[in-house]
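Working notes for the structure below.
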Amino acid sequence: MNELWESYSALERVYFCSAVTGGSIFIFWMVLQLLAGTDGGLDTDASGGDVGHGDTHFDDGGGIDPGFKVLSSQGLSSFFTMFGVVGLALSRRDVGPVGSAMGGLCGGALMVYAMAMLFGFLMKMQSSGSLQMKNAVGQEGTVYLNIPPDGTGQARINMQARLEIFDAISDNKIELATGTRVKVTRVVSGNTIAVVKI
């Protein structure tokens, strides 16, 4: 290893250090992300969390995408990894300092682009389990807890392939008894919905 290091020029040592450092940081963050996982947005607990299967989390659609960011540790580390690998490979083939540097820059940029595309694809494929309240509109269900004309009750709605219980109000100000079939007309706020009898 010492002999290999001694055979490198100053520029090749820069490439080597860039590849090793960037690669180490990139692997560290990938392992960390796999172990910790990511969540699909800004979460707030549903009222009491009593939905039959633990706390429910909602994503209002304005959550921050936890995927790959170009100007992040993942983006920069992937860039420097490929910059170092390509630059070193080209330098060892006697391309020259300018050619190896340009090749390294192109390789780094392509790596960042490829990683961004891959993370974007994975994020689209991911099923985070977060409920987007806007998806409740138009869904049908039943009254779970009596809904008074001017108060709040609860409704059980079939949403995103599972039954969820939400705080609910009567949109047309009539009392809705437990068991009444209802349809969601709008999201009032948070996890409170407005329903009408069907």
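Tell me yes or no: at least one residue of region 11-25 is in a helix (DSSP H, G or I), closer than 29 Å to Cys106 by Cβ, modelled with pLDDT under 80 and hydrophobic (A, V, I, L, M, F, W, C). Among the residues of region 11-25, not one is in a helix (DSSP H, G or I), closer than 29 Å to Cys106 by Cβ, modelled with pLDDT under 80 and hydrophobic (A, V, I, L, M, F, W, C), which makes the answer no. Checked against (1) of a type in the set (D, E, K, R); (2) at negative phi; (3) loosely packed, with under 14 Cβ neighbours inside 10 Å, Lys173 passes all but condition (2). Taking region 102-119 as the search range and keeping residues that are surrounded by 14 or more Cβ atoms within 10 Å (Cβ to Cβ) and in contact (Cβ under 8 Å) with a residue 40 or more places away in the chain, which one is nearest to Ala19 (Cα to Cα)? The qualifying residue nearest to Ala19 (Cα to Cα) is Gly104.
The values are calculated or read from the model by the stated rules, or taken from the named source; none is laboratory data. Small disclaimer: the values here were computed from a predicted structure and weren't measured. In this analysis, Cβ positions are derived from the backbone assuming ideal geometry, glycine residues included, and neighbour counts consider all displayed protein chains.
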